[in-house]
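Notes follow the structure.
Where a number appears in this text, it was derived from the coordinates with a stated rule and is not lab data. From a predicted model like this one, the values you see are computed outputs, not experimental measurements. Note that we place each Cβ from the backbone using ideal geometry, even for glycine, and neighbour counts take in every protein chain shown.
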Amino acid sequence: MKQVLITGASTGIGFDLTRTLCEKGYKVWAGVRKPESLDRLIQDFSEKLTVLKLDVTNSQDIEQAYKTVLAEMNPRQELILVNNAGIAYGGPIEGLPLEEWRKVFDVNLFGMVEMTRTFLPLIRQTKGRVINMGSISGRVAAPFLGPYTTSKFAVRAFTDSLRRETSSFGVHVSLIEAGPIRTEIWSKSIDASDEIAKKLSPEIRETYGPMLAALREGVLATSKDAVPAQNVTMAILHAIQSRLPRVNYMVGKNIKLQAGLMRFMSTRMMDRVIRKSLRFQKS
């Protein structure tokens, strides 16, 4: 039976995947910032589940996680890393301090890079797999979500580089490109973005206020139409179980259609569509 290490397992996709894999008999290491958040799963799957205190922005946590996995893993079974941890928020580029950009990149990209670098020797030795959580936002950059979309473009590039570097060792690398998924990330994103908005200067709030309000309404409307986290879990399960997993998994309502249309739309046409969706008006 394969062995799976998951980051960001306390809620949403990570929690659903952890529970599903335990139910199927996998050995699972679930990384969370607060181990008590998985007490309900530990009670049911104590033999299959190890909960790790794992903040992917903390090198000491990552090193301790490595030692635990090394001590508990079966070297004759495939080790799979699911880089799921992520955050999402933004604001106008003109008004966002670099600190906010760094927060998003530390979790979404650099945490993923450090986790992968640390565990790759074990993954190579077991001819295992790496599954990275990307987004449809890694294909089209939304306004006012600059930190998030830029990080997801970088995740896509990182995944491509990793796949091309490790394929000759028998390592499979897949990217999950999810659209709107029904998880806590929506409410967390809105709350974080609202807090950032409060810190913007009066000039920035006046300049971008109507557009930010339109974006907020759009996010709320989109979240109501989001698909369950189980849809992503099923895609990740295929990437874990398939003899020849896909390079990219697109998950979400009409996501494949949207991605197909993007290939045929000019950049200026895409700009017009996005401008219209947010009701941008010329001053």
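Tabulated data
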{"read-out": "Using alpha-carbon coordinates, inclination of helix 59-72 to the longest axis of the chain, degrees", "value": "30"}
{"read-out": "Charge-dipole axis of region 3-277 as Lys and Arg at +1 and Asp and Glu at -1 on Cβ define it, positive-most pick from Thr126, Ile87, Leu21", "value": "Thr126"}
{"read-out": "Ranking of Lys256, Lys198 by count of other Cβ atoms within 10 Å, fewest first", "value": "Lys198, Lys256"}
{"read-out": "In degrees, nearest ten, helix 255-264 long axis to first principal axis of the chain (Cα)", "value": "60"}
{"read-out": "Proxy reagent accessibility, fewest Cβ within 10 Å first, across Trp101, Trp29", "value": "Trp101, Trp29"}
{"read-out": "Unsatisfied cross-links (Cα-Cα over 30 Å) in the set Lys152/Lys198; Lys34/Lys256; Lys34/Lys67", "value": "Lys34/Lys256"}
{"read-out": "Cβ charges +1 (Lys, Arg) and -1 (Asp, Glu), total dipole of the chain, debye", "value": "1080"}
{"read-out": "Residues Asp44, Asp16, Asp106, sorted so that the one with the fewest Cβ neighbours within 10 Å comes first", "value": "Asp44, Asp106, Asp16"}
{"read-out": "Three-way shape label, region 1-82, alpha-carbon gyration tensor, a/c 1.5", "value": "oblate"}
{"read-out": "Nearest 10 degrees, 0 to 90: helix 185-198 Cα axis against the chain principal axis", "value": "50"}
{"read-out": "Listed residues Lys152, Lys53, Lys67, most fluctuating in the chain (Gaussian network, C-alpha, under 10 Å)", "value": "Lys67"}
{"read-out": "Sum of side-chain charges, Ser242 neighbourhood, beta-carbon under 13 Å (Lys, Arg +1; Asp, Glu -1)", "value": "+3"}
{"read-out": "Debye, to nearest 20: dipole size of region 106-220, +1 on Lys, Arg Cβ, -1 on Asp, Glu Cβ", "value": "560"}
{"read-out": "Computed [θ] at 222 nm, helices only, for the chain once each DSSP H run of length n ≥ 4 contributes -39500 (n - 2.57)", "value": "-16500 deg cm²/dmol"}
